[in-house]
Amino acid sequence: MNQKLFFSGLILMFALSAIGHYAHWDMIVQFVISAIAIIFVAGFLGKATESVAHYAGQRLGGFLNATFGNAAELIIAIFLVKEGLFDMVKASLTGAIIGNLLLVLGLSILLGGLKYKEQRFNNRLAEHNATLMVMAVIGLFVPAVFIVSEKFTFDKDQFLSLAVAGILIISYVLWLVFSMVTHKDMLADVEMAADHGEEPAWSKRNSILFLVLATVMVAFVSEWLVHTLDTFAERFGLSELFIGAFVIAIVGNAAEHSAAVVLAMKNKIGAAVEIAIGSSLQIALFVAPVLIIISTLFGNTMDIVFTPIELTAIGVSVFIAKSVSRDGNTNWYEGVLLLMVYVILGIAFYLV
Amino acid sequence: MNQKLFFSGLILMFALSAIGHYAHWDMIVQFVISAIAIIFVAGFLGKATESVAHYAGQRLGGFLNATFGNAAELIIAIFLVKEGLFDMVKASLTGAIIGNLLLVLGLSILLGGLKYKEQRFNNRLAEHNATLMVMAVIGLFVPAVFIVSEKFTFDKDQFLSLAVAGILIISYVLWLVFSMVTHKDMLADVEMAADHGEEPAWSKRNSILFLVLATVMVAFVSEWLVHTLDTFAERFGLSELFIGAFVIAIVGNAAEHSAAVVLAMKNKIGAAVEIAIGSSLQIALFVAPVLIIISTLFGNTMDIVFTPIELTAIGVSVFIAKSVSRDGNTNWYEGVLLLMVYVILGIAFYLV
Amino acid sequence: MNQKLFFSGLILMFALSAIGHYAHWDMIVQFVISAIAIIFVAGFLGKATESVAHYAGQRLGGFLNATFGNAAELIIAIFLVKEGLFDMVKASLTGAIIGNLLLVLGLSILLGGLKYKEQRFNNRLAEHNATLMVMAVIGLFVPAVFIVSEKFTFDKDQFLSLAVAGILIISYVLWLVFSMVTHKDMLADVEMAADHGEEPAWSKRNSILFLVLATVMVAFVSEWLVHTLDTFAERFGLSELFIGAFVIAIVGNAAEHSAAVVLAMKNKIGAAVEIAIGSSLQIALFVAPVLIIISTLFGNTMDIVFTPIELTAIGVSVFIAKSVSRDGNTNWYEGVLLLMVYVILGIAFYLV
């Protein structure tokens, strides 16, 4: 999209979102405007991240991409945690994980696969991603089984949740050390989305300024968006669960979705896989644990127990994403399968 | 078996089965005669399919083989659905899936492995089969978890079952497009059972005629067989579950079993794997969904919820079959493991 | 450790343990002394096994290593079974399996990986280990699901447990035939720990004598150790479950642990993996079934039903160990992940 047009849209939607919130416009109108604004702002955040990444180098750039790509999700979730809306937080975490593993990955693989008969990427990275996905599932399943099966008291529940949260964060940080320091060459031939070889439009100083500005904008629009959710849910007869697992997840990840699809169609499937799977790993191994710790700071610890249907959704998504990506090559049919599983989960969650 | 002898046996058993049914012979006698007759008729169906396949070409031939191989199963199941015997239908679907993945595959791998130290087959096909097996398990597990865990009303249960059934059928049809049209070369070096290089005994016209005739014969003998099951179960103290999951499955798949074993012992392990796994995939992704849709046409929708023990049986069968076949080579010990799991499930189901 | 020093320590601790038991010293003092004694005696058993293995040849040597490495575990468990302490038996079996798959394997891979950037081993063996691990999990899960879900009577429970136990033992024996007779070349390039190329210190006759002596010593110290457990558990507020799953498992496997770690740091990661995974397979496929059969000889059949948290612990350990070892190469981060899962399970079991 033409840059002038994009920035005009960005500023317009942001302004409308602000006005709509403070002038108390109709909630549904506010929701629509904020949702569109989030997409623009997330796109702005994406551009700023890419620009900073260009100066920071490939690996760090990819990491920044994945991290700030989850920024919108994380900020929305912090607001929900502050309000004590734990069920919707977990629903949106579930939605982010399955949305990345099934919708983003599936769409990228399908559209890339319709263009190129077969697309290949670094097998070693695929193996590591698979092991990390198993780790994430273990981190979310084990506490739930113990806490429910043995009927842990509230104290023990909180303690185990915090302990596991800490362990998952440590695992994630050590993964960064492993993949960016000690073994970066082993995983190095995944082309990072950041590096397009072109000269970025902004200077280093401006890139960092815009990154900060974009993050602040995401924070505001997220708060206005969350504010409209109750009414939106009521009006359309959608459960909080569905809003969290599908609506918030899709809106919050919009910029990421398009980035991955575009890369896949440019035959850079490795980068698309890295964005999709890397993003879902970060949510399970970093964002979720961080939220549990933040909730303790707010004085009301959120536990790590997801519901059976959420755990099932995460489990099956990891299973099929692992199976599809393990061999280091993809085709259109594998994309179709991922999307089909997403549709099955969507219908199931809608009916709850 | 000598052709004259075979056709004599076929006509004799078919006639006896018919007489036994209309003359109301003792139920146990009828059961034994019909069971033997089913084996002959399934064999006839197999020959006719191979003959048609010879004219239709390798890939389409293999597909026809798998499809008409399941014809007996499907027809028996339609009669059970019409009678509203949903529990026995699901038991026999479970039995067909685990029978193919464990008994047929296990026996083929074991007997082939005793002859040849190691047998290899197309790795790419194995990878795709593995992913499709994961898809099948997801399609059967997810609805069950949601419907039971969230206590879905009957309406929602039916809706989700029909929706998932439709999605599984679409996935299967697209798999046919993928494997026979867009990517057939990638999966092409699996020798199809159809092509033995010999001139078929029947002309194209006769082959198709015989295929139709054989299918009609299967339909009749199936009806007579199903008619005897209640008495057979009572007399021998076997539960409906065991009859469905083991007796019907073994009898209905008899011809398929021998075909796969014969191929494995001729060192065509790829074709044996294709028959066994391809058949179980077809049952999970096509036959089961089709039965759900047919049941709706009969006015009483069968839902897609299998019992915990049935889901466990299907799940573990997929797990170990995946693990054994994933690397594209087999040996006698892997065959033993598959058969051992089948025995464990057999004892467990018998005790229920 | 210097040999003279080792044998001095061995004889001293053994004597103190004997005296402490018969003179009724304070239970905690007895526990500490017996625990240290067990470690010495297990080390003695290890040396004797290595020596015998040197004369028996590579493959048989590796098998002896794994078998006698579990001797301490097995003997302690037989005493617990005799006392009817089935819950603690199953807890210690669980602890042995997860201890090998996570603690031993994780520590070996981590420490080896800090020294060598990447360590490789026989891929074919890894594939077979993965399939056997799936078999073990199936053998433990399926009975539990059937017995609990269908509310089996005590008789059926016992029958299924004994039947599955028999099938698992047969599977294990056939695995020995497969890996040591029919297909030993395929799995042959795993260097066995037994063969260091040096001349052993003891003659063949002495090696066998010492092996018998060491086994007898393990038997005695185990009995004295088990005798102190109740008091130890009370004094420190630890549950029987935690004692079984962590304390007994770590103490009983101490010699094995150090052997595997030392091998990994000598860049013989294949042998370390063989010890760790081979040992846990032996416990699931041989020791557990044997205990069930022995319990029947004592007149009170132990069933094969593990608790949900034990099954979850075993399941996740198998999952992540499989994922880490499947590709035939390891690095320090994979070791970290295995240890992290062990810590999560440790905290969870402690809180129960």
Next item on the list: For B:Thr67, place a label point 7 Å out from Cα along the Cα→Cβ vector, do the same in each other copy, and report the separations in nm, one decimal, smallest first.
Entry: 5.5, 5.5
Next item on the list: Find out how many positive minus negative residues lie around C:Val324, taking Lys and Arg as positive, Asp and Glu as negative, among other residues whose Cβ is under 12 Å from that of C:Val324.
Entry: -1
Note to self: Could you work out the pair-distance distribution P(r) of the protein assembly as shown from its alpha-carbon pairs, with 10 angstrom bin width and percents rounded to whole numbers?
What the structure shows: 2, 10, 18, 22, 20, 15, 9, 4, 1, 0
Checklist line | Per the axis that maps chain A onto chain C, nearest residue of A (Cβ criterion) and its distance in Å | finding: A:Arg326, 5
Notebook entry, point to check: Membrane-span-like helices in chain C: DSSP H runs reaching 20 Å or more (Cα, own axis), mean Kyte hydropathy at least 0.5?
Noted result: C:3-22, C:27-56, C:123-149, C:154-177, C:204-226, C:308-325, C:332-351
Notebook entry, point to check: Relative contact order (percent) for chain B, with alpha-carbon contacts under 8 angstrom and 6 or more residues of separation?
Noted result: 40 percent
Item checked: Cα-based shape type of chain B, given that a ≥ b ≥ c are square roots of the gyration tensor eigenvalues and the cut on a/c is 1.5 -> rounded
Margin query: Take C:Asn206 and A:Lys204, extend 7 Å from each Cα along the Cα→Cβ direction, and tell me the distance between the two endpoints in nm.
Written below: 7.0 nm
Notebook entry, point to check: Order of A:Val352, B:Val29, B:Val137 from fewest to most other C-beta atoms within 10 Å?
Noted result: B:Val29, A:Val352, B:Val137
Next item on the list: For the range C:38-139, count the residues as N, evaluate 2.2 N^0.38 Å, and divide the Cα radius of gyration by that value, please.
Entry: 1.26
Check: In debye, nearest 20: dipole of chain C around its Cα centre with unit charges on the Cβ of K, R (+) and D, E (-)?
Finding: 620 debye
Check: Treating the beta-carbon of each Lys and Arg as +1 and of each Asp and Glu as -1, no other charges, what is the dipole magnitude of the protein assembly as shown about its Cα centre, to the nearest 20 debye?
Finding: 1820 debye
Checklist line | Which of B:Ile19, B:Thr49, B:Leu93, positive extreme of dipole for the range B:4-103 (C-beta unit charges) | finding: B:Thr49
Item checked: Per-pair calculated FRET efficiency, R0 = 45 Å: C:Asn300 and C:Ser8 via Cβ, rounded to 0.05 -> 0.60
Margin query: Averaging over every viewing direction, what projected area does the convex hull of the Cα atoms of the range B:204-297 cover, in nm²?
Written below: 8.6 nm²
Next item on the list: Show that you can apply the helix-only estimate: for chain B, add -39,500 (n - 2.57) for every DSSP H stretch of four or more residues, divide by all residues, and state [θ] at 222 nm to the nearest 500.
Entry: -25000 deg cm²/dmol
Next item on the list: Give the Debye-formula value of log10 I(q)/I(0) at each listed q (0.17, 0.19, 0.29 Å⁻¹), with one equal scatterer per alpha carbon of the range C:311-352, two decimals each.
Entry: -0.48, -0.58, -1.02
Item checked: For A:Lys151, label point 7 Å along C-beta direction: distances to other copies, nm -> 1.9, 1.9
Note to self: As a quick test, which of the pairs A:Lys47/A:Lys184; B:Lys266/C:Lys322; B:Lys4/B:Lys184; C:Lys90/C:Lys151 have an alpha carbon distance above 30 angstrom in this structure?
What the structure shows: B:Lys266/C:Lys322; B:Lys4/B:Lys184
Checklist line | Label geometry 7 Å along the beta-carbon vector: B:Glu83 inter-copy distances in nm | finding: 5.6, 5.6
Check: How many Å³ per residue does the convex hull of the Cα positions in the range B:130-169 occupy?
Finding: 46 Å³
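Values in this text are rule-based calculations from the coordinates and carry no lab data. Just so we're clear, the structure is a prediction, and the values are computed from it rather than from any experiment. Positions of Cβ are generated from backbone atoms using ideal geometry, with glycine treated the same way; all protein chains shown enter the neighbour counts.
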